[in-house]
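For reference, the structure discussed in these notes is given below.
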């Protein structure tokens, strides 16, 4: 019989140790004494940076008698600290006890405050007594960092409800504030998510910018769609807001602009702006097969480029080679039932959709010279050779040579990788320095190139007999 009771006590002690992990603690603090038969234990001090609920497990055992009372006490050590949001089971009405009653535990439930003006520290004290009147206490601390405050998260803000008609361009704007903005670059990162598009399969022009848009789909009854904007700050904390867009059905014949163009391309690419999938509907929202549609492609943002066949359903343009970072080029497809002028005017309503191309820069050019230093005699022909490694791929590299120092000479082939000159006649050893530049466009004063390397030539006098 004694062995059965002892075994149950051992099993219960194991359960208590396992339960202690519920508070997220990495250890325990134990209070005992050489003459005190009551031993109590609490979790090790804890630091949190979010407002998630916590549990603190208090454990007690007595060698003198059964456990009779247990309780938790919480006090703020930080002056002016707000009260915790939830403090449950402080009086230990819900407990666990071993079969003998000499071991027990009580779990305190704590939720940190939602508003913090600084880091708050709280002291949690666990007290227990046995039936013989023996008692003991143990304390631990909870440090709640300021970033756990709900006001520490960024705030996302969108505009009021937007109402459009099928085929209209719906533009949504989100702004971020609060939290911890980035100190360099964009203060916040944005993400748009389609929360509910009523099964209409809406495609946003961009999903990672503060401003985005889409073409309102064709509906037969007024339909509300929901889009969520997520703002992320420098500490990866997120704020959200929901934008409602109400789409009304077509009330007169209209065209719907559709383009599947866009994406990530490299500098210098020739791109196609394709709006040939655009469609036309009658006043009842029925598709008109073969209806005449008038087109006009315009550029909305990005370095200015020429658009060829801008008044056709399919236009083209060449993107510049000189971009140092990823650059967005935004084009707008304008469609109407009637011709559109170069000023963007038509006697019928004009419907629009934006198309975005992200242009990545060409690989960085690094120049090498196989004769970075050379020696030549007065009056001899000197070859200046420079090359670019293979990481430039099939892209053409242009070269340009200039003289940095030394007696002035005429450089032959100054716009090629293989240049040369005739060494001047000198009476003493003379150093001449030439600089080669490389770029993806012809080297001029306005386009000086993106890479350079110097070549040194030591010109010596002709030896005398």
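The values are calculated or read from the model by the stated rules, or taken from the named source; none is laboratory data. Values in this document were obtained by computation on a predicted structure and should not be read as measured data. Don't worry about glycine lacking a Cβ; one is built from the backbone with ideal geometry, like all the others, and counts go over all protein chains shown.
Annotations
- Scanning the range 367-410 for residues that are exposed (fewer than 12 other Cβ atoms within 10 Å of the Cβ) and assigned to a strand (DSSP E or B) gives 373, 381, 404.
- Every residue from the range 153-187 that is part of a loop (DSSP other than H, G, I, E, B), within 16 Å of residue 211 (Cβ to Cβ) and under 19 Å from the mean Cα position of the chain (by Cα): 186, 187
Yes/no matrix, rows are residues, columns are (1) surrounded by fewer than 19 Cβ atoms within 10 Å (Cβ to Cβ); (2) out of contact with any strand residue (DSSP E or B) (no Cβ under 6 Å at 6 or more places or on another chain):
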site	(1), (2)
173	yes, no
184	yes, yes
192	no, no
205	no, no
219	yes, no
228	yes, no
242	yes, no
256	no, no
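- Residue within the range 246-254 that is free of Cβ contacts under 8 Å to residues at least 40 places away in the same chain and surrounded by fewer than 19 Cβ atoms within 10 Å (Cβ to Cβ) present: yes
- Residue 356 within 30 Å of residue 254 (Cβ to Cβ), touching a strand residue (DSSP E or B) at 6+ places or on another chain (Cβ under 6 Å) and outside any loop (DSSP other than H, G, I, E, B): yes
- Residue in the range 118-127 that is over 30 Å from residue 255 (Cβ atoms), surrounded by fewer than 21 Cβ atoms within 10 Å (Cβ to Cβ) and in the same structural domain as residue 232 (by TED's automatic domain parsing) present: no
- Boolean, residue 18 is more than 17 Å from residue 141 (Cα to Cα), at pLDDT below 95 and not in a loop (DSSP other than H, G, I, E, B): yes
- Residues that are in contact with a strand residue (DSSP E or B) (Cβ under 8 Å, 6 or more places away or on another chain), part of a loop (DSSP other than H, G, I, E, B) and more than 16 Å from residue 355 (Cα to Cα), drawn from the range 194-203: 197, 198, 200
- Annotation for the range 359-366: no member residue is surrounded by fewer than 17 Cβ atoms within 10 Å (Cβ to Cβ), in a strand (DSSP E or B) and at pLDDT 95 or above.
- Subset of the range 428-448 [part of a loop (DSSP other than H, G, I, E, B) and touching a residue at least 60 places away in the same chain (Cβ under 8 Å)]: 440, 441, 447
- Residue 237 being modelled with pLDDT under 95, touching a helix residue (DSSP H, G or I) at 6+ places or on another chain (Cβ under 8 Å) and over 30 Å from residue 321 (Cβ atoms): yes
- Considering residues of the range 426-457 that are surrounded by 13 or more Cβ atoms within 10 Å (Cβ to Cβ) and over 53 Å from the mean Cα position of the chain (by Cα) only, the residue farthest from residue 373 (Cα to Cα): 426
- Scope the range 246-263; condition in a loop (DSSP other than H, G, I, E, B) and within 28 Å of residue 357 (Cα to Cα); matching residues: 257, 258, 259, 260, 261, 262
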